[in-house]
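Here the structure is laid out as structure tokens; the discussion comes afterwards.
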Amino acid sequence: RGGRGARLLSLCALHEASSSPARDGLDVADWSNELPISDVGEMTVVCRLPNERRRIFILVSVSIEGAALRVNLTEQPPQLAPYRIDNLTHTHSLLVTQSPCAALPQPRVVEEVAPGKRLHFAWEQVVDEPTLALHAGNNCVHLRLDDLQLVGGLKAAAFADAQPEVLRYRVVTDGPVKVLQVRDSRRADFAASPDAAEGRLRLKLDVQLAAIGLSLVDTTPRELLYLCLSSILFSYQASATRASSSVVVQGMQIDNALPESTFGVLLRPHWSASEDRQPKKPPALEVLVQRRLGYARMKFFD
């Protein structure tokens, strides 16, 4: 179904033995949430099977074939999910789910991650800025798993004769997978672990520029193209085991400077309706490159 130009698709997972959806009653089936299929691309969503605790990951691929919009749905192994939660604590169980929002008032995929276990994760509802609700005891924090600079702490219930413990969390990458790591702050090996050493910065550099303009001029001389980049932030930081560089460009536009050109603007950002209403729009370009150090005769980049 669609509204205001948006194309939305809902999925319904039926039992394998179901041969007649009408007979089985779609009105009582466990429908998935709405998925946007207006734009070409891929996304991975998670669905709960009806009347079961088991969940499945579905790769939704949208492509154009002639005048038709083709949507392919493929079940994906959990190992290929875009996110993972690693519970590195010794005694604390974690409860994770997508944070409730207007498009998802009541999340249906709620999972417990036992101490020392890991959980493959994906969003069940595609929204502009989804967050993960991380519960430890009676406390909860909402985290953006796409923020690779995310670090923080969450108080968790301890034994009756002890003070509440602060669990440390951060987001790292494992190949294409973004991983939320949660660990005890009082572990004996925490300070000496390579992951902890990685968090101690040895160098940090931030360079911010208001704007950069570049012109492409031929031998006439005549201006052919003009490139403008605005609100540019370059960051570099290095620790004992990792070095990362990032470039964020808030505004970008390439103009055709020829007077007889049909299209004066060749390239500029295009935001969705919800992004266009935000006071601060998303950056036009964002690049993050991380290099893991310590590998002999090999360069490892994320």
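By the rule of a C-alpha distance below 25 Å, with chain neighbours fewer than 8 residues away ignored, the lysines paired with LYS155 are LYS117, LYS178.
Using only the Cα atoms of segment 75-128, each taken as one equal point scatterer with no solvent, compute I(q) by the Debye sum, divide by I(0), and report log10 of the ratio at q = 0.19, 0.23, 0.24 Å⁻¹. For segment 75-128, the Cα-only Debye profile gives -0.73, -0.94, -0.98. Stretching CYS12 away from LEU224 to a fully extended chain increases their span by 71.1 nm, per 0.36 nm per residue minus the current alpha-carbon distance. When the solvent-accessible area of segment 27-130 is split by element, carbon and sulfur atoms take up 52 percent of it, the probe being 1.4 Å. An ellipsoid equivalent to segment 212-267, defined through the eigenvalues of its Cα gyration tensor, has semi-axes of 35, 12, 8 Å when rounded to whole angstrom and sorted largest first.
Normalised per residue, the accessible area of segment 71-146 is 49 Å², obtained with a 1.4 Å probe and no contribution from ligands, DNA or RNA. Once the chain from VAL40 to GLU286 is taken as fully extended at 0.36 nm per residue, the excess over their C-alpha distance is 86.6 nm.
Below 11 angstrom from the Cβ of PRO282, what's the summed charge of the other residues (Lys, Arg +1; Asp, Glu -1)? Here the count lands on -3. Projecting label points 7 angstrom from Cα along Cα→Cβ for ALA211 and SER272 puts them 3.0 nm apart.
Across segment 78-86, rounded Karplus estimates of 3J(HN,Hα) from the backbone phi angles (6.51 cos²θ - 1.76 cosθ + 1.60, θ = phi - 60°) give x, 5, 9, 5, x, 9, 8, 10, 9 Hz, Gly and Pro being marked x.
For segment 214-296, the solvent-accessible area works out to 65 Å² per residue, with a probe of 1.4 Å and every protein chain left in place. Comparing Cα centroids, segment 105-174 and segment 242-283 end up 33 angstrom apart. Between ALA103 and ALA68, the modelled label-to-label distance comes to 2.6 nm, taking each label 7 Å out from Cα in the direction of the beta carbon. For the pair LEU80 and SER93, the difference between a 0.36 nm per residue extended length and the Cα-Cα distance amounts to 2.3 nm.
A simple spin-label model places the labels of ALA240 and ASP128 4.2 nm from each other, with each point 7 Å out along Cα-to-Cβ.
The values are calculated or read from the model by the stated rules, or taken from the named source; none is laboratory data. Note that the structure is a prediction, hence the values are computed from the model and not measured. In this analysis, Cβ positions are derived from the backbone assuming ideal geometry, glycine residues included, and neighbour counts consider all displayed protein chains. Accessible surface is based on the protein model in full, side chains and every heavy atom, while ligands, DNA and RNA are left aside. Shrake-Rupley method; radii C 1.70, N 1.55, O 1.52, S 1.80 Å.
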